[in-house]
1. Within 13 Å, Cβ to Cβ, of V164, how many net charges do the neighbouring residues add up to if Lys/Arg are +1 and Asp/Glu are -1?
2. Explain nothing, just compute: Karplus ³J(HN,Hα) = 6.51 cos²θ - 1.76 cosθ + 1.60, θ = phi - 60°, for every residue of the range 326-334 in order, whole Hz, x for Gly and Pro.
3. Could you name the aspartates and glutamates in cross-link range of K153, using Cα to Cα under 12 Å and dropping any fewer than eight places away on the same chain?
4. List every residue whose amide H lies under 5 Å from the amide H of Y206, counting only residues 5 or more places away in sequence or on a different chain, with H placed 1.01 Å from N in the peptide plane.
5. Under 5 Å between amide H atoms, partner at least 5 residues away or on a different chain: which partners does F169 have, H built in plane at 1.01 Å?
6. Report the chymotrypsin sites (Phe, Trp or Tyr not before Pro) located in the range 132-204 that are in a DSSP loop and have at most 15 other Cβ atoms inside 10 Å of their Cβ, or state none.
7. Given a cut-off of under 8 Å on Cα pairs at least six residues apart, what relative contact order in percent is computed for the range 1-159?
8. Counting only residues 5 or more places away or on other chains, whose amide H sits under 5 Å from the amide H of F33 once H atoms are built in the peptide plane?
Amino acid sequence: MTSILVTGGCGFIGSNFIQLVLEQEADVQVVNFDALTYAGNLANLSDVAQHPRYRFVHGDITDAEAVRAAMKGVQSVVHFAAESHVDRSIQDSGPFVRTNIVGTQILLDAARSAGVKRFVHVSTDEVYGSLGETGAFTEETPLAPNSPYSASKAASDLLVRSYVHTFHFPALITRCSNNYGPYQFPEKLIPLFISNLMQDQPVPVYGDGQNVRDWIHVRDHCTGILAVWKRGRVGEVYNLGGRSERTNLQLTHALLEALGKPKSLIRYVPDRPGHDRRYAIDCRKAESELAWHPTFVFEDGLRQTIDWYRGHADWIASIRTGEYLKYYERQYGTLTKETHP
Ligand code: NAD
Ligand code: TYD
């Protein structure tokens with residue numbers, strides 16, 4: 001039996017990862033260390049809360065004492081905990097610097113003194129910046145983050161890299177494209193638009209809607225992280241992607257069609273400041289070295305995701321209240337009028 005400390009396991013990707021590990025890895029125990037910020041939700045793991053190989057610890061990665069205590073008896077760390085939303089980082093970058101940079105440093109130090117054997121740092125393709133019409137990010141692409149969120153993630157990546165170089169610390173880094181799937185907090189594009197459309201509310205498209213993202217189903221991301229944990233080479237970076245590039249407008253039309261809603265629900269709103277134009281990922285290194293491949297066809301994954309949100313109206317309703325509504329008002333105001341790009 002081996003034990004993994006998962007940070008941020010109550011968030012979107014972390015909760016999917018824990019479910020995958022408990023399902024597929026009979027010899028792995030999971031300690032989930034999460035601060036339960038606005039994005040963390042214990043309900044995401046209610047199905048496994050009583051699982052004999054699962055334990056939850058409520059704690060903050062910027063609290064060195066709590067991290068040190070949680071690290072006892074753990075052989076690996078898979079580090080998801082982060083402030084993860086670009087728009088919130090534009091409103092206030094403070095929590096991003098604290099959690100993503102300082103929190104990662106505290107975690108690295110604790111893991112080093114505990115003699116952790118493997119540390120997987122979950123990062124993002126956004127650290128590479130923005131692409132033109134063609135090309136894709138490789139692991140050699142220079143880091144050029146453009147938002148406070150991606151800058152804080154790039155800083156954490158560089159800290160991890162420095163620990164490998166300076167201390168021979170056994171860390172690996174993954175950089176993945178945009179995830180979608182069950183349990184994603186409804187402030188990111190896909191769950192926000194699905195939950196608005198389910199209530200016949202308008203959907204806010206930034207700028208001209210021609211920004212491009214590469215979409216990967218969260219399950220494919222999680223199998224990629226597991227492959228990196230099992231078979232990755234220490235000190236290496238592995239890009240993970242879904243080979244499913246779509247403009248935001250293409251995606252919006254697909255969602256409207258799948259939910260049977262009219263195009264008149266689209267609202268073009270002012271562009272995000274510093275909005276990255278295009279992301280695309282070259283994930284051939286992970287495919288050839290780790291025998292990992294993204295498996296979801298985007299349209300099938302999207303349909304499955306819509307079905308999940310339709311079947312979890314209570315989960316959505318429990319989030320879309322209080323602080324969430326205040327954030328929504330701050331970010332979007334009221335989306336009443338019909339608009340054009
Ligand atoms: P999320 O916002 O849904 O979840 C973040 C989790 O971290 C929450 O459970 C939250 O409570 C916890 N957390 C936040 N601050 C904490 C702290 N100080 N101490 C302990 N726990 C804390 O995020 P997500 O979408 O699941 O992303 C997880 C990781 O994957 C992040 O590191 C993110 O940068 C990376 N990533 C995300 C995507 C994506 O499309 N969502 C793509 C590539 C990489
Ligand atoms: P998002 O889900 O926030 O992910 P990221 O910014 O990390 O890529 O946004 C995905 C794309 O959708 C991005 O180009 C911004 C755009 N977007 C909108 O047009 N409207 C919205 O309300 C949101 C949240 C995002």
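1. +2
2. Each residue of the range 326-334 in turn: 5, 4, 4, 5, 4, 7, 10, x, 10 Hz.
3. Correct list for K153: E83, D125, E126.
4. V269
5. Those qualifying (amide H under 5 Å, at least 5 residues apart or on another chain) are V164.
6. Numbers: sites: F137, Y149, Y163, F167, Y180, Y183, F193; in loops: Y183.
Loop-located and lightly packed - none at all.
7. This gives 23 percent for the range 1-159.
8. Here V6, T7, G8, G9, V57 satisfy the definition.
The values are calculated or read from the model by the stated rules, or taken from the named source; none is laboratory data. Everything quoted here is computed from the prediction, not taken from an experiment. Here the Cβ is made from the backbone with ideal geometry for all residues, glycine too, and neighbour counts use every protein chain on show. Please note that ligands, DNA and RNA were not included when accessible areas were found on the heavy atoms of the full protein model with its side chains. Shrake-Rupley method; radii C 1.70, N 1.55, O 1.52, S 1.80 Å.
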